[in-house]
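See structure below.
The values are calculated or read from the model by the stated rules, or taken from the named source; none is laboratory data. If you're wondering where the values come from, they're calculated on a predicted model, not measured in any experiment. Every residue, glycine among them, receives a Cβ derived from its backbone with ideal geometry; neighbour counts consider all protein chains shown.
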DNA sequence: AATGCATTTCATTTTTTCTTGAAATGAATG
DNA sequence: CATTCATTTCAAGAAAAAATGAAATGCATT
């Protein structure tokens with residue numbers, strides 16, 4: 001009785017439960033990718049692919065993670081754009097299969113290039129504009145404010161000097 | 001007519017419009033603090049305080065940013081907990097006044113300490129668990145998977161080695 | 001070129017996160 | 001010690017972000 005119930009369950013779910021190992025990997029990547037602003041489903045997909053010894057088709061991914069068609073498609077697209085997932089051709093198979101690119105540094109470098117750097121550049125533009133406004137302030141306020149803007153610039157400069165260094169460290 | 005309308009407007013809004021300079025600073029901090037997961041209102045508050053030559057009371061902040069009591073209170077509390085804002089005592093004044101701590105590195109170091117480091121530590125625990133599971137896999141899969149876990153560990157190690165270095169750079 | 005599958009797109013729904021404001025708490029003043 | 005003003009808390013509402021799934025598109029096969 002108990003056995004047959006268990007078998008039924010496995011039938012019903014097509015043996016699709018995630019293994020303990022997969023769960024660990026998935027949770028890990030959900031957490032890390034959340035850090036750079038990626039949604040849960042993207043972390044799930046990458047985590048599953050990361051520990052999968054062979055390429056997975058989109059519908060397999062959907063079933064095993066229990067996510068929708070749309071989420072799977074969009075998530076894979078995003079990951080491919082980041083360079084974190086690649087589509088591989090399996091001979092004789094009609095549908096695409098996907099593998100994780102194991103170069104984890106990609107997440108960090110993409111984040112730096114697309115999020116951090118642009119913000120810093122826009123920050124420097126803002127600082128320029130702020131400095132242009134400065135002369136319209138009262139002399140007392142001007143002095144205080146100028147010093148603060150200077151400090152902002154100092155931090156942005158420091159940040160910009162750090163980035164190449166971090167990039168180099170990541171890529172090596 | 002036009003003049004009196006303008007004056008009316010200024011009366012109505014109690015001369016509370018943000019200056020161009022304040023807007024620049026506020027937008028800048030909204031953008032940067034969003035990066036570390038802080039809500040807009042927190043960026044607004046910090047930005048306003050950052051360019052304010054003198055301490056501001058909570059109700060001033062509310063009025064000038066046009067945010068609610070709750071948002072102002074919670075935002076200030078959060079910023080104080082981060083160490084990014086300090087309450088200063090103004091003699092004769094009943095209510096607290098707030099100033100920005102200009103040490104911008106605090107945002108980065110808090111982020112590293114409270115977000116990055118804990119995740120990395122939990123990541124290493126997960127890796128240990130994954131390695132314990134490894135022997136239950138088929139020999140073929142085991143080899144592939146072991147290599148990937150090894151790679152994960154490599155990246156976490158690299159990250160953990162980087163952090164103290166980054167911290168040192170930020171603090172100096 | 002028609003059919004059948006695989007993938008993408010996108011309007012809608014769901015979930016999560018942020019903000020609001022009224023009530024509770026606290027703290028200074030008369 | 002009662003009153004008034006300042007701040008915190010938190011349930012409810014609003015806004016933003018993510019997920020869903022049906023319809024559209026694309027593409028290989030017959």
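Given (1) within 14 Å of DNA strand D (Cβ to nearest atom); (2) at pLDDT 95 or above; (3) away from chain B (no Cβ under 11 Å), where does residue A:91 come up short, assuming only one miss?
(2)
Residues that are farther than 26 Å from residue B:116 by Cα: find the helices (runs of 4 or more DSSP H) completely inside segment A:34-111 holding 2 or more of those. Lay out the reasoning, then the answer.
Details: elements: A:40-51, A:58-65, A:69-82, A:105-111.
Passing ranges, in order: A:58-65, A:69-82.
When the residues of segment A:60-73 are narrowed to those that are touching a helix residue (DSSP H, G or I) at 6+ places or on another chain (Cβ under 8 Å) and in contact (Cβ under 8 Å) with a residue 12 or more places away in the chain, which ends up farthest from DNA strand D (Cβ to nearest atom)?
Quick first cut of segment A:60-73, residues touching a helix residue (DSSP H, G or I) at 6+ places or on another chain (Cβ under 8 Å) only: A:61-62, A:64-65, A:67-69, A:71-73.
Still in the list and also in contact (Cβ under 8 Å) with a residue 12 or more places away in the chain: A:61, A:64-65, A:67, A:71-73.
Working: A:61: 11, A:64: 13, A:65: 8, A:67: 4, A:71: 4, A:72: 8, A:73: 7 Å.
Looking at residues that are touching a helix residue (DSSP H, G or I) at 6+ places or on another chain (Cβ under 8 Å) and in contact (Cβ under 8 Å) with a residue 12 or more places away in the chain, I get A:64.
Are any of the residues in segment B:20-27 at pLDDT 95 or above, in contact with a strand residue (DSSP E or B) (Cβ under 6 Å, 6 or more places away or on another chain), within 15 Å of DNA strand D (Cβ to nearest atom) and under 20 Å from residue A:148 (Cα atoms)?
The answer is no, given that none of the residues of segment B:20-27 is at pLDDT 95 or above, in contact with a strand residue (DSSP E or B) (Cβ under 6 Å, 6 or more places away or on another chain), within 15 Å of DNA strand D (Cβ to nearest atom) and under 20 Å from residue A:148 (Cα atoms).
Just to check your reading of the model, which residue among B:126, B:153, B:119 is under 23 Å from residue A:166 (Cβ atoms), at the interface with chain A (Cβ under 7 Å from one of its Cβ atoms) and surrounded by 15 or more Cβ atoms within 10 Å (Cβ to Cβ)?
B:119
For segment A:78-92, indicate whether the set of residues that are without any contact (Cβ under 8 Å) to a residue 60 or more places away in the chain, closer than 30 Å to residue B:27 by Cβ and within 13 Å of DNA strand C (Cβ to nearest atom) is non-empty.
yes
I'd like to know if segment B:30-40 contains one or more residues that are within 15 Å of DNA strand C (Cβ to nearest atom), farther than 17 Å from residue A:123 by Cβ and at the interface with another protein chain (Cβ under 10 Å from one of its Cβ atoms).
yes
Have a look at B:91, B:53, B:135 and point out the one that is under 23 Å from residue B:33 (Cα atoms), surrounded by fewer than 18 Cβ atoms within 10 Å (Cβ to Cβ) and over 16 Å from the mean Cα position of the chain (by Cα).
B:53
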